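Worksheet for the structure shown next.
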Amino acid sequence: MLKRIDCFKPLTYMSWSAVLVAAVAAAVDVDRKRCAAPGRYEPRNGTDLLGRAFDGPSFFGEGRWLNNKYVLEPPCDLKKGDAFACAVVAKIPRNGSRARILTVGDSISIRQFQDFKRRVQRCDADVAFLRADRLRERDLAKGQQTAYPVCKADALVVNTGAHYPDVRPFAQDLTKFLRSLNETCPTRPVTVFRTTPEGNPLCNSKMVVRDWEAQVWSVLNGSRPVPNDALLFSRGWHWDLFQRYNAEAARLVEAYDWIKLVDVAAMARRVPVAKWERRPGKPKDCLHGSPAVPWYNSMILNVLDAVL
């Protein structure tokens with residue numbers, strides 16, 4: 001016998017509580033997606049330089065500088081811990097019993113991978129790294145000898161930018177990579193392209209925020225050219241082009257509705273600036289120092305949490 005269901009039965013207090021909790025959770029999910037969303041890019045000063053449309057480094061509204069420390073506020077504060085890591089991994093759609101997570105990128109991604117694997121392998125996840133500074137086909141093919149192919153990943157986290165000398169080759173390589181990913185993968189992994197941020201501006205520059213805004217950020221956002229004596233803008237790394245790379249990535253990724261472009265600039269500004277260690281044969285630096293490793297992985301987990 002079928003059981004009669006009264007569609008108009010009044011909700012109890014517990015029922016209303018459940019509805020309210022679900023509504024709040026949904027709102028938080030939307031807010032967290034907004035926290036990692038890319039900003040708007042526009043031409044500046046009538047030139048081809050592109051920058052974000054804001055007046056200073058605190059562009060999100062979700063964070064602010066407080067006594068030279070960048071603070072993220074709820075719901076954009078970073079979640080941490082093993083339980084959070086495993087909860088994020090559990091959200092990844094998978095083709096097998098364990099989630100396959102592949103990070104593709106440069107030397108920063110190597111350090112990410114080493115710590116990331118240790119952190120999430122207890123969460124029914126396999127993590128691999130594919131070194132491809134410029135996303136070129138030969139680099140991707142070579143890297144796949146030690147990592148599983150891109151198409152076999154359940155979640156793919158990609159970044160490139162710092163190793164490029166100009167925007168044009170960056171756009172050419174990224175265009176080919178995205179087209180190949182779209183046309184050759186029989187099943188599409190959850191794919192995230194993360195921006196290339198300037199990092200914590202106080203780490204290498206040793207400036208207070210006000211001075212950094214005037215001397216460094218004004219170059220990064222394209223409002224003034226790189227000074228001739230600019231030691232802070234090593235032309236080997238092309239810091240002044242990072243915003244243009246990100247703008248171009250935003251334009252190219254937009255053509256693929258299944259690929260997410262996420263902005264980690266606000267998160268990257270919270271990378272610790274103390275207790276940096278030297279790498280063997282390398283000087284002390286703020287990009288690869290040991291405190292950055294778990295921090296970058298915290299960023300990736302929070303990014304995946306926002307987009308899944």
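The values are calculated or read from the model by the stated rules, or taken from the named source; none is laboratory data. What you are looking at is a predicted structure, and each value in this text was computed from that prediction instead of being measured. Neighbour counts are summed over all protein chains in view; Cβ atoms, including those assigned to glycine, are modelled from backbone coordinates with ideal geometry. These area figures cover heavy atoms from the full protein model, side chains too; ligands, DNA and RNA do not enter into them. Shrake-Rupley method; radii C 1.70, N 1.55, O 1.52, S 1.80 Å.
Here are some notes:
- Pairs with C-alpha atoms separated by more than 27 Å, drawn from the list LYS91/LYS152; LYS79/LYS275; LYS152/LYS260; LYS117/LYS206; LYS117/LYS275, are LYS117/LYS206.
- Extension gain for ASN182 to ALA274 (0.36 nm times residue separation, less C-alpha to C-alpha distance): 29.0 nm.
- Protection-proxy order for peptides 188-200, 120-132, each taking the mean of Cβ atoms within 10 Å per residue, highest first: 188-200, 120-132
- Short to long, the 5 Å bins of the Cα pair-distance histogram for region 61-158 hold 2, 12, 19, 19, 15, 15, 10, 6, 2, 0 percent of all pairs.
- Accessible surface comparison of ARG34, ARG270, probe 1.4 Å, protein chains only, largest first: the order is ARG34, ARG270.
- Computing FRET efficiency as 1/(1 + (r/R0)^6) for VAL226 and ARG251, where r is the C-beta to C-beta distance and R0 is 30 Å, gives about 0.80.
- Rounded to whole numbers, the Karplus 3J(HN,Hα) couplings from phi for region 147-159 are 10, 6, x, 3, 5, 8, 6, 8, 9, 10, 10, 10, 8 Hz, using 6.51 cos²θ - 1.76 cosθ + 1.60 with θ = phi - 60°, and x at Gly and Pro.
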